[in-house]
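Below: one structure, written as structure tokens.
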Amino acid sequence: MKERSLGRIIEGHFKKGLQKVEEIFKDTRAADDKLFSYFRVFIDDKGVASVTPSSKYLVGRVLKAMDVKRASFIIEYGAADGVVTRKILEKMPAQCKLLAIELNEKFYSDLNKISDPRLIAHHGDVRGVVHIAEQRGLGPADVIVSGIPFAFLSSSGRNDLLADTARLLKPGGRFVGYQVTTHLIHPLHAHFKKVKTEFELRNIPPNFVFTAFK
């Protein structure tokens, strides 16, 4: 109940803030269409974790935690319009495959425009990731990365998804999750043998980056 109440409070503040920003910039060229697009999707879709695209600093920290250079298969939860996806594709080996799952229809449409044969864009819910991977004949994964808001899932929902995540990883594989709060620390320790926590301030909002090893 507390998490849902907090979510409603945050949503209300963002709605008010968005109205004010749009009033200020509506007659100028200073408004960034992509930024406002993120605002709108954030307000309309509770499954979107961030109000703005991830900063280069956050993306860099996430990529470093992922260590993709030796990977042969990577899964991305909540790929949005592909900010992190594109950077993963730049860094991963030529023979590697990337399964990027996105539920929001608008973001999936943007994601699907990325032209790279190594990318497998999937429109669907990450809670069905085991079925999605099996359906496509993929797995196990070296790395799974996630930007989805685990705080919006129930406690059992978080644990179920983390259990599936651990199941899909190779022995020694890693899960990298970037989140606004520390709510993942306890459940990660329940499913993985080692968890590393970092913090990236240079993002709106700042994010914790968790690296969990199987």
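No lab work stands behind these numbers, since they all come straight from the coordinates. Source: prediction; values computed, not measured.
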Show me, for region 183-190, the HN-Hα J-couplings you get by feeding each phi into the Karplus relation (A = 6.51, B = -1.76, C = 1.60, θ = phi - 60°), rounded to Hz, glycine and proline as x. 4, 8, 4, 5, x, 5, 5, 6
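To check you understand DSSP bridge types, tell me what percent of the beta bridges within region 56-213 (both residues inside) are antiparallel, rounded to 5. Can you show the working numbers first?
Values: 13 of 32 bridges.
Taking every DSSP beta bridge within region 56-213, about 40 percent pair in antiparallel fashion.
Would you calculate the volume per residue, in Å³, of the smallest convex hull containing every Cα atom of region 80-214?
Values: hull volume 15.6 nm³, N = 135.
So the per-residue Cα hull volume is 115 Å³.
Could you pull out the pairs from K91/K214; K56/K97; K113/K194; K106/K194; K64/K106 whose alpha carbons sit more than 32 Å apart here? Numbers along the way, then the final one.
On the way: K91/K214 22 Å; K56/K97 23 Å; K113/K194 36 Å; K106/K194 36 Å; K64/K106 28 Å.
Checking Cα-Cα distances, K113/K194; K106/K194 exceed 32 Å.
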